[in-house]
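First comes the structure, then the notes that go with it.
Only the coordinates and a few stated rules stand behind these numbers; no lab work does. Everything numeric in this text was worked out from a predicted model, so none of it was measured. With ideal geometry, Cβ positions are generated from the backbone for all residues, glycine too; neighbour counts draw on all protein chains shown.
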Amino acid sequence: MMESFKGWIVTICTIVILIYCIELLMPNNSMRKYAKFTTGLILVVVIISPVLKFMNGDFSMDQYVSKAEQYLDGESSKVDYEKYKNENVNRTIDNFKKNLEVAYKDKLQKKYNDSNFELEIQCNYDEKEGKISVDSVKIDVQDKSIVNVKKVSIGKVENEENIEETPKVKEIKDLVANELNVEKGKIYVCINK
């Protein structure tokens, strides 16, 4: 269908260029008006030729309708629909994550000027509800302030359970948990000094 449409447009353009060339070459006499009339008729015939094909039966609308129905009823349309739907959901989740990360990074930067933040948010799409939910939030905090260096002991490993949450970590967790509606246990804050 598109190929025949393209051919029709090319034919019209070619005829118009040919008519223009003929008019340029014709002298200004009584023959000029007959030449214009003839070339005009040729252009009209070329323009209405698809309509003539349709009326002669060379063009079958039923054939095109049946092809469209077969495609829509067939498995390929369902597979294509699912493929495009999944791609769209994945792009939406990625954009949602990026926007949240940028928004909360800015929000935390404004509240805590003495720190730099990097966020990584994990999201999930619930098909039944049609909603995106936040699964976890990882926040890396790079403290800009100068702190004393702790004594380093080689071969001795500190137990992570003994590390207490600082007030700043609790405050960051509270802020993110309340605004994103995420459990505090799913928010991980790591302060690098």
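About the centre of its Cα atoms, segment 99-145 shows a dipole size close to 240 debye [charges on the beta carbon of Lys, Arg (+1) and Asp, Glu (-1) only; nearest 20 debye].
Between residue 175 and residue 70, the contour length at 0.36 nm per residue exceeds the Cα-Cα span by 32.3 nm.
Using 22 Å as the Cα-Cα cut-off, could you pick out the over-long pairs in 98/173; 107/131; 138/170; 85/128; 144/168; 111/168?
Flagged as over cut-off: 107/131.
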